[in-house]
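Asks: One structure, pasted below without further comment.
Throughout, read-outs are computed from the coordinates displayed, never taken from laboratory work. These numbers come from a predicted model, not from an experiment. Neighbour counts are summed over all protein chains in view; Cβ atoms, including those assigned to glycine, are modelled from backbone coordinates with ideal geometry.
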Amino acid sequence: MSLLTPEIAALEGTQRVYTAPEPFGGAAGRYFGLAVGDHNPLYSDPEYARAQGLDGVTAPLTLVCETNQYADLPMDPEGYAGHTWQLDVPGTRQVRGGNSYTFHRRLRPSDVVTATWAIDQVTSKTNRSGHEMLVIASSATYTNQDGDLLAENAETIIFVALEPAVAAGEKA
Amino acid sequence: MSTWTESYPTEFADHAAITVGDQVPPLERTIGLTDMVAYAGATWDWHKLHYDAEYVAEKKLPGAIVDGQVYGALLVEMLQDWLGPQSFVSKLDFSFRNLVFAGETLRCTGEVVEVAEGSIRVTMQVVVVDEDGNDGRAAAAPCSAVVLLGTSDGPGAQK
């Protein structure tokens, strides 16, 4: 049986919306810079940031795409407390494909961010070793309280069958 | 500037002199478990895969897994450190290749492949540095970015 069941196919168009309960603030960006090891003063020095034409400090660009900070979801037994499609595909292993980010402007501490996720496409293909792959393409938009588009993020999650697909007419 | 930022460079690449084939100064970073805990906190991603030795041992993994999203942060850092604050990464793509584990060192590199009016396109990769200091297995590749030059913010800031 194909991994692309009618139930999985019906996930196309599914949407999740998460809105932060408060403005982003300046500390989150400064903390992210410290955590990554990025010394850029745009994240911590308002005077430096204003000298570059910004209103004040900003956050490292990819931080806006970390949806967990807006999700307000409970922590699961593995410690994860964030956005997931809660897909359980038996007999597969999950692989992350990659990310495609588009940044429209820098985050400001006053931004109240809404992340809107959607499953865009669900497809099935077979890899070179004959294993079926279920490919989930999803995307997110990040907007603020005024509807400003801040960033977009497209990502791919792949479920690879643990056993090779059985060809038509072939005995399992 | 604060103590943290005073080591930040004050001179950057001459945007007008950038040509196809230019190499982006590489960025190397060793990602220790403490860094991973800090990153988990900063991104609100507290999955045990990123710090819990007992949990990853149960999963038969050689160590805690570095969050793949950190590659994106490092690639942006590499580009901004080279091009300075009057630049804006407007597009960033990367594909995951191999897991990276606590204590390993990442090396980000890039090359300019296109120069246009007010922007450049760069292809990049993130590799794990092997014990001889050479490029080891790929963490993320291919990677690419479009960077706007002469502006500290993106087109959405004009609204």
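Asks: Restricting to Cα atoms and excluding each atom paired with itself, what does the Kirkwood estimate give for the stretch A:7-160 in Å?
Replies: Result for the stretch A:7-160, one decimal place: 17.2 Å.
Asks: Related question: Please give the FRET efficiency for residue A:129 paired with residue B:130, using the beta carbon to beta carbon distance and R0 = 25 Å, rounded to the nearest 0.05.
Replies: Working: r = 27 Å, r/R0 = 1.07.
So, using R0 = 25 Å, E works out to roughly 0.40.
Asks: What would the Debye equation give as log₁₀ I(q)/I(0) for the stretch A:76-145 at q = 0.21, 0.24 Å⁻¹, counting only Cα atoms as equal point scatterers?
Replies: -1.12, -1.26
Asks: What FRET efficiency, computed as 1/(1 + (r/R0)^6) with R0 = 22 Å and r the Cβ-Cβ distance, is obtained for residue A:95 and residue B:55, rounded to the nearest 0.05?
Replies: About 0.65, to the nearest 0.05.
Asks: What FRET efficiency comes out for the pair residue B:37/residue A:2, r = Cβ-Cβ distance, R0 = 41 Å, nearest 0.05? If you can, show how the numbers build up before the last one.
Replies: On the way: r = 41 Å, r/R0 = 1.00.
Plugging the Cβ-Cβ distance into 1/(1 + (r/R0)^6) gives 0.50.
Asks: Quick check for me: using +1 on Lys/Arg Cβ and -1 on Asp/Glu Cβ, what's the dipole size of the protein assembly as shown about its Cα centre, in debye to the nearest 20? It would help to have the intermediate numbers written out before the result.
Replies: Details: 21 positive and 44 negative charges, 120 e Å.
Dipole of the protein assembly as shown, to the nearest 20 debye: 580 debye.
Asks: Here's something else I'd like to know. Within 10 Å of each candidate Cβ there may be at most 13 other Cβ atoms; applying that plus a DSSP loop requirement, which chymotrypsin sites (Phe, Trp or Tyr not before Pro) in the stretch A:59-125 survive?
Replies: Within the stretch A:59-125, the qualifying chymotrypsin sites (Phe, Trp or Tyr not before Pro) (loop, at most 13 other Cβ atoms within 10 Å) are A:85.
Asks: On alpha carbon coordinates alone, what is the Rg over Rh value for chain B, Rh being the Kirkwood radius?
Replies: Rounded to two decimals, Rg over Rh is 1.01.
Asks: Calculated from DSSP H runs of 4 or more alone, at -39500 (n - 2.57) each and per residue, what is the 222 nm mean residue ellipticity of chain B, nearest 500?
Replies: It lands at -6000 deg cm²/dmol.
Asks: Same structure, new question: Stretched out fully, how many nm does the piece from residue A:14 to residue A:27 gain, at 0.36 nm a residue minus the Cα gap?
Replies: Here the answer is 1.4 nm.
Asks: With viscosity set to 1.567 mPa s at 4 °C, what whole-number translational diffusion coefficient in µm²/s follows for the stretch B:66-159 from Stokes-Einstein and a Kirkwood radius over Cα pairs? Kindly include the intermediate steps, with their values, before the conclusion.
Replies: Numbers: Rh = 14.0 Å.
Answer from the Stokes-Einstein relation: 93 µm²/s.
Asks: Taking the Cα atoms only, what angle lies between the long axis of helix A:27-36 and the longest principal axis of chain A, rounded to 10 degrees?
Replies: The angle comes out near 60 degrees.
Asks: Apply the Debye scattering formula to the stretch B:110-159, with a single equal point scatterer on each alpha-carbon and no solvent, then give log10 I(q)/I(0) at q = 0.15 Å⁻¹.
Replies: Debye intensities relative to I(0), on a log10 scale: -0.57.
Asks: Same structure again: Return B:7, A:138, B:2 ranked ascending by Cβ neighbour count within 10 Å, so the fewest neighbours appear first.
Replies: Ascending number of Cβ neighbours within 10 Å: B:7, B:2, A:138.
Asks: Once you average over the residues of B:149-158, how many Cβ atoms of partner chains fall within 10 Å of each Cβ?
Replies: Mean partner-chain Cβ count within 10 Å for B:149-158: 5.
Asks: Principal axes first, then extents: for the Cα atoms of the protein assembly as shown, list largest minus smallest coordinate on each axis, whole Å, largest first.
Replies: In descending order, the Cα extents are 69, 49, 43 Å.
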